[in-house]
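A.B. asks: Attaching a single structure in structure tokens format; questions to follow.
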Amino acid sequence: MAKYVLVSLPSTLDSLKATVADNGTVVPLTIPSFKIGTLDALVQQADDLAKLDSACQALVAKVSDSLRTLYDGDDQKAAEQKVVNDKPTDQYLRSFTWNTVRYRADKPVGELVSGLQKDLATIDNDIKGKINQHNQVKSNLVGLQRKQSGNLSTKSLAPIIGPSALVQDSEYLETHLIAVPTNLRKDFIKSYETLTERVVPRSAVELAHDDEFVLYAVTTFKKNGAEFQQKCREQKWTPRQYKYVEGGKEEEKRELERVAREEKKVWGEALRMVHTGWSESVMIWAHAMALRVFVESVLRYGLPLEFVPALVQTNSKLVKKIKTALDATYSYLGGNAVGRDKRGVGGHGEGNEYTAYVYYEFEL
């Protein structure tokens, strides 16, 4: 899996490339010089950006999962949707430039952070709403399909039972449809008449069977109907609730076709939304990380702004070698700070363990 490192150093790009050597590809990260406020404000913004970074990472992971789910686990098809501003994701990251139209670089850092937070929340809500809608429609469709294709204890009886199988419009009698497991059919035939009082003798008629169940119609007096059904349940026989409706079979078929069409339509809408969501969430994340690198660099290296931010593309095996090489070359930047604070990234915010220079790892 591709792994990325964002690093910022009071050094040169050539020096960084020499340190990384063959373990990764180093490209410059173009970050504007933002408006810097007070030190206290910068420390707060570093914490806010660390939280925003985590939120971006979580949303990108969620969008990736949604793509896989929409494609029924097909990673190849999901990967094809992962483009940012019409570029493959890795190409977008390697050629990242700050979007000055959307996030004006002359605004204070605090305002930029707020703008990124709002945009992230909007895309999160939009995706959540559309995915929930698709899940609901798909659940309806699966329920209808199960009714058509399940066994006789669950499937729709409309295509199987005609009006002649049922006692209708009788003041005293009613028909019960009972799905009996195949291995219990002998027990059923032997004992159904004596389950309760007022079961019509020899009224059991086999209407259908499949690999698992046999469906019987049994006639009882209405006043004993509820008790008869309860006794059936105790015997592990399944009473089926069913009322014959003229044209019910055709209506069920139409409903299935209608919901199938709706699911296809909403699936397409969800895919478009998630496709856009990938582009948006990665783009917001890239801007959040760029801003975070800037704020951390100011906090660590001070003014004037003399630091070189860069992106290193590598993989999960080689990233350790890069980290070791960077530590060996740039640990002098930490002074006594390494002994003082091992918790935050650069002493500010959450994430990777403390380093003597600005350093973040991430993957997509």
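The values are calculated or read from the model by the stated rules, or taken from the named source; none is laboratory data. Just so we're clear, the structure is a prediction, and the values are computed from it rather than from any experiment. All Cβ positions, even for glycine, are placed from backbone atoms using ideal geometry, and neighbour counts span all protein chains on display. Each accessible area value is taken on the protein alone, full model and side chains, heavy atoms only, with ligands, DNA and RNA left out. Shrake-Rupley method; radii C 1.70, N 1.55, O 1.52, S 1.80 Å.
A.B. asks: Of all residues in segment 177-221 being open to solvent by 70 Å² or more (accessible area, probe 1.4 Å) and either of a type in the set (K, R) or within 41 Å of the chain's Cα centre (by Cα) (or both), which is nearest to L166 (Cα to Cα)?
C.D. replies: Within segment 177-221, the match that is nearest to L166 (Cα to Cα) is R202.
A.B. asks: Another question about this same structure. List every residue pair whose Cβ atoms lie under 7 Å apart, where the two residues are 6 or more positions apart in sequence or sit on different chains, the first residue falls within segment 302-313 and is touching a residue at least 40 places away in the same chain (Cβ under 8 Å), and the second residue, located anywhere, is open to solvent by 40 Å² or more (accessible area, probe 1.4 Å) and assigned to a loop (DSSP other than H, G, I, E, B).
C.D. replies: The qualifying pairs are L305/S33; E306/P10; F307/P10; V308/T12.
A.B. asks: I'd like the full set of residues that are in a loop (DSSP other than H, G, I, E, B), within 14 Å of R185 (Cβ to Cβ) and without any contact (Cβ under 8 Å) to a residue 24 or more places away in the chain, limited to segment 197-222.
C.D. replies: Hit for segment 197-222 is A204, nothing else.
Quick grid of which residues meet (1) in a helix (DSSP H, G or I); (2) more than 24 Å from Q57 (Cα to Cα):
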site	(1), (2)
V298	yes, no
E306	no, yes
T324	yes, yes
Y330	yes, yes
L333	yes, yes
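A.B. asks: Here are D90, D74: which of them is touching a residue at least 40 places away in the same chain (Cβ under 8 Å) and surrounded by fewer than 20 Cβ atoms within 10 Å (Cβ to Cβ)?
C.D. replies: When all the criteria are applied, what remains is D90.
A.B. asks: List the residue pairs whose Cβ atoms are under 6 Å apart, where the first residue sits in segment 152-176 and is more than 23 Å from E227 (Cα to Cα), the second is modelled with pLDDT of 90 or more and not charged (D, E, K, R), and the two are 6 or more positions apart or on different chains.
C.D. replies: Short answer, once both residue conditions are applied: I160/A208.
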